[in-house]
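Q: Got a structure for you, questions after.
The values are calculated or read from the model by the stated rules, or taken from the named source; none is laboratory data. Computed from a prediction, not measured in an experiment: that's the story for all the values here. Positions of Cβ are generated from backbone atoms using ideal geometry, with glycine treated the same way; all protein chains shown enter the neighbour counts. The area values use the complete protein model at the heavy-atom level, side chains included, leaving out ligands, DNA and RNA. Shrake-Rupley method; radii C 1.70, N 1.55, O 1.52, S 1.80 Å.
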Amino acid sequence: MADNCIVVQGLSKSFGDFLLDNVSFNVPTGRIVGFIGENGAGKSTTIKLILNELKRDAGHIEVFGRDNTNSSFKNDIGVVFDECTFHSVFNAQDMGKIFSGIYPTWDDGLYHKYLKQFRLPTDKPIGSFSKGMKMKLSIICAMAHKPKLLILDEATTGLDPVVRDEVLDLFLDFVQDENHSVLFSSHITSDIEKIADYVILIHQGKIIFEEQKDDLIYNYGVVKCGKKQFSTIDPDDYLISRKEKTCIRPCLKNTVSWSK
């Protein structure tokens with residue numbers, strides 16, 4: 001088994017008003033990697049480039065040791081975006097039949113086990129589902145063909161806290177054998193803190209850091225301060241800052257404690 005299931009090197013993509021700029025990171029095999037950043041930072045663009053849904057301007061992407069333009073890797077991944085794309089007239093039973101014809105590894109018994117576990121009806125049209133129910137169905141469909149890698153773009157959005165914890169536990173179980181991996185984009189930092197082994201921060205199209213979660217917790221922090229206090233912070237002591245109406249929030253590095 002390769003050390004990394006995803007390798008991204010020097011990845012760039014320009015949209016005119018936005019540039020994904022020389023992005024590089026790895027997703028180690030057997031680990032959960034949290035991919036964080038503000039809306040518009042480049043998370044979804046990066047994921048679409050990995051999936052070869054967008055054509056990169058520069059750089060190199062490997063999935064399972066193969067260039068990502070080799071579409072054969074897609075049988076080994078499960079993908080969940082932040083919106084359910086299943087047609088509203090279908091029901092869960094229909095989706096099982098459709099996917100069983102697409103994936104040779106589809107496990108119908110496992111699929112119905114997940115449906116029961118997450119209390120999803122098999123005969124009601126998907127159009128009648130709540131957003132949370134649609135997200136649960138998307139996750140279940142992504143996992144029922146037994147992929148080696150899950151790529152999740154805001155997959156826990158719309159789930160209530162109890163169900164979200166159940167889903168996160170499912171992801172943790174998924175990587176227990178250390179042969180399966182997860183790339184998990186989320187703005188819910190508590191989810192990342194609970195399950196991620198590594199955390200990647202992207203900001204304005206650039207990777208700010210790629211750290212083990214435990215190192216991140218101990219060595220980084222966010223401080224809220226006024227403009228005058230912010231001016232006393234050495235630029236070498238913070239990675240990024242965000243100006244708000246009443247304060248500035250710099251992300252500090254190599255910092256254990258601070259006061260306002």
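Q: Restricting to the stretch 134-183, and then to whatever is open to solvent by 10 Å² or more (accessible area, probe 1.4 Å) and under 12 Å from the mean Cα position of the chain (by Cα), can you tell me which residue is nearest to Ala196 (Cα to Cα)?
A: It comes out as Glu154.
Q: Name the single residue, out of those in the stretch 122-144 being in a loop (DSSP other than H, G, I, E, B) and among the hydroxyl-bearing types (Ser, Thr, Tyr), that is farthest from Arg164 (Cα to Cα).
A: From the stretch 122-144, those in a loop (DSSP other than H, G, I, E, B) are 122-124, 129-130, 144; that's our starting set.
So of that shortlist, the ones also among the hydroxyl-bearing types (Ser, Thr, Tyr) come out as 122, 130.
Numbers: Thr122: 21, Ser130: 15 Å.
Among those residues, the one meeting the criterion is Thr122.
Q: Quick check on this structure: which one of Val167, Val182 is under 27 Å from Phe64 (Cα atoms), at pLDDT 95 or above and not polar (S, T, N, Q)?
A: One residue alone meets the criteria, Val182.
Q: Looking only at residues that are at pLDDT 95 or above and among the small types (Gly, Ala, Ser) in the stretch 1-41, which one is nearest to Asp191 (Cα to Cα)?
A: Gly34
Q: Every residue in the stretch 95-120 that is in a loop (DSSP other than H, G, I, E, B), open to solvent by 30 Å² or more (accessible area, probe 1.4 Å), under 28 Å from Lys43 (Cβ atoms) and of a type outside the set (Ser, Thr, Tyr), please.
A: Once the filter is applied, which keeps residues that are in a loop (DSSP other than H, G, I, E, B), open to solvent by 30 Å² or more (accessible area, probe 1.4 Å), under 28 Å from Lys43 (Cβ atoms) and of a type outside the set (Ser, Thr, Tyr), the stretch 95-120 yields only Ile102.
Q: Report the residue count in the stretch 61-89 for those that are among the hydrophobic types (A, V, I, L, M, F, W, C) and open to solvent by 60 Å² or more (accessible area, probe 1.4 Å).
A: Summing the residues that are among the hydrophobic types (A, V, I, L, M, F, W, C) and open to solvent by 60 Å² or more (accessible area, probe 1.4 Å) in the stretch 61-89 gives 1.
Q: So which of Ala41, Ala92, Ala58 is among the aliphatic types (A, V, I, L, M) and open to solvent by 40 Å² or more (accessible area, probe 1.4 Å)?
A: Of Ala41, Ala92, Ala58, the one residue that is among the aliphatic types (A, V, I, L, M) and open to solvent by 40 Å² or more (accessible area, probe 1.4 Å) is Ala58.
Q: Still on this structure, please answer the following. Hey, can you tell me all the residues within the stretch 121-132 that are buried (at least 16 other Cβ atoms within 10 Å of the Cβ) and closer than 13 Å to Thr85 by Cα?
A: Ile126, Phe129
Q: Hey, any hits in the stretch 209-218 for a residue that's modelled with pLDDT of 80 or more, surrounded by 14 or more Cβ atoms within 10 Å (Cβ to Cβ) and in a helix (DSSP H, G or I)?
A: Yes, the stretch 209-218 contains at least one residue that is modelled with pLDDT of 80 or more, surrounded by 14 or more Cβ atoms within 10 Å (Cβ to Cβ) and in a helix (DSSP H, G or I).
Q: Please work out which one of (1) surrounded by fewer than 18 Cβ atoms within 10 Å (Cβ to Cβ); (2) touching a helix residue (DSSP H, G or I) at 6+ places or on another chain (Cβ under 8 Å); (3) touching a residue at least 24 places away in the same chain (Cβ under 8 Å) is the condition Asn52 fails and give its number.
A: So the condition that Asn52 fails would be (3).
Q: Further, regarding this structure: Pull up the stretch 1-43, narrow it to residues that are within 27 Å of Asp76 (Cα to Cα) and of a type in the set (Phe, Trp, Tyr), then point me to the one that is nearest to the chain's Cα centre (by Cα).
A: Phe35
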